[in-house]
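This report refers to the structure that appears directly beneath it.
The values are calculated or read from the model by the stated rules, or taken from the named source; none is laboratory data. Every value quoted in this text rests on a predicted model; they were computed, and no experiment measured them. Neighbour counts are summed over all protein chains in view; Cβ atoms, including those assigned to glycine, are modelled from backbone coordinates with ideal geometry.
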Amino acid sequence: MEDKRGAKDGQLVLPGDYLGVIEEFLPREGVREENGELYATRAGKVRINRERMEISVEPVTDTPPLPKVGDIVLARVIEVKSQAVIAQLLAIEGRENDREIAISKLAGIHISQVREGFVDDLSKEFKIGDIVRARVIANEKSPIQLSTREPDMGVVYALCSRCRTPLIRRGDKLICPRCGNVETRKLSPLYRKIKVSL
């Protein structure tokens, strides 16, 4: 008789392995539903999101992820020039558990891709050390080109440029709780809501 116990988070499975029932979890990537039962469609690790009651199978692969056009990435600003910001890619959103990104980790945000409308001074939008959520718009050459024009893209974590304390958002400004310094950025509404590994 077939064992009908559901899969556990992190368990390695093969295509066709039984994972659970539709009443328990919503099937996501790598999972198919058949007569109310859930089965793996690929070899990989079971991932269970208990908050959303979702189950997926994450492929186990040795190939490091490549940021594709359209992917959302997190990047740390390492240089602010007059026409562009240079950033180091940290992670591809939704693939944080994968291996490190495969290619040159440098990315650029051109002044025309910062926000809707005219930007006269990039140093008012980004500072060195900021963590930025951005969309990949071109990846055929280095640095990869990013955009923060969409409303939910922009800075998600920033330090005070005077005392390096994490800044707190108040409306459209950032305030330092230690020294009272007030700064501006191209802010994402997800500011300090995304877990950032520093």
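List of remarks:
- The number of residues in the range 141-198 that are farther than 17 Å from Arg76 by Cα and assigned to a strand (DSSP E or B) comes to 8.
- Failed item in (1) assigned to a loop (DSSP other than H, G, I, E, B); (2) within 20 Å of Gln145 (Cβ to Cβ); (3) of a type outside the set (Ser, Thr, Tyr), with Glu23 passing the rest: (2)
- Pairs where the first residue, in the range 152-172, is of a type in the set (Lys, Arg) and the second is crowded, with 17+ Cβ neighbours inside 10 Å, C-beta under 6 Å, 6+ apart: Arg169/Tyr191
- Selection of the range 77-114 for residues being of a type in the set (Lys, Arg) and at pLDDT below 95 yields Arg95, Arg99, Lys105.
- Of the residues Gly117, Gly129, Gly70, Gly94, the single one that is in contact (Cβ under 8 Å) with a residue 60 or more places away in the chain, at positive phi and surrounded by fewer than 22 Cβ atoms within 10 Å (Cβ to Cβ) is Gly70.
- Residue-level check: of (1) within 23 Å of Lys68 (Cα to Cα); (2) buried (at least 17 other Cβ atoms within 10 Å of the Cβ), Cys176 misses just (1).
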